Amino acid sequence: MAKVLIDASHGPEDPTKAVLPFFVARNALELGHEVTIFLVGDATGLIRDSVIETVVGVGPGALKDHFTAVREAKSAIFL
């Protein structure tokens, strides 16, 4: 099992780039890796309930789905 650090820096103004770190984290967790997501800049606002509900990326899908899966995983950490 690897330790994975994912740096998220994009906010809701670019939904696809905002959702992508959570999409990658979810997949890494499903593969059994330990994941840490480091939120910087505009990405810090992504974890507000009002934002989580509305951000949907083209391709990776809804932020809410990935965030919920990552949060429920016991080996994920948000910084």
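Annotations for the structure displayed:
- The Kirkwood hydrodynamic radius of segment 1-67, based on inverse pair distances between different Cα atoms, is 11.7 Å.
- Portion, in percent, of the accessible area of the chain that falls on carbon or sulfur, probe 1.4 Å: 58 percent
- Solvent-accessible ranking of 66, 10, largest area first, probe 1.4 Å: 10, 66
- Computed from Cα atoms, the angle from the helix 63-72 axis to the main principal axis of the chain rounds to 30 degrees.
- Computed accessible area, residue 68, all protein chains, 1.4 angstrom probe, square angstrom: 40 Å²
- The trypsin sites (Lys or Arg not before Pro) of segment 1-74 that meet both conditions, a loop assignment by DSSP and at most 15 other Cβ atoms within 10 Å of the site Cβ, are 48, 74.
- Other-chain or far-sequence residues with amide H under 5 Å of residue 37's (modelled H): 6, 77, 78, 79
- Taking every protein chain into account, the accessible area of the chain amounts to 58 square angstrom per residue (probe 1.4 Å).
- Cα long-axis angle, helix 15-30 against the chain (0 to 90 degrees, to the nearest 10): 20 degrees
- Residue 40 accessible area, 1.4 Å probe, all protein chains in place, Å² to nearest 10: 40 Å²
The values are calculated or read from the model by the stated rules, or taken from the named source; none is laboratory data. Note that this is a predicted model, so its numbers are computed, not measured. Ideal geometry is used to build each Cβ from the backbone, glycine not excepted, and the neighbour counts take in all protein chains shown. The accessibility values were calculated without ligands, DNA or RNA, using every heavy atom of the protein model including side chains. Shrake-Rupley method; radii C 1.70, N 1.55, O 1.52, S 1.80 Å.
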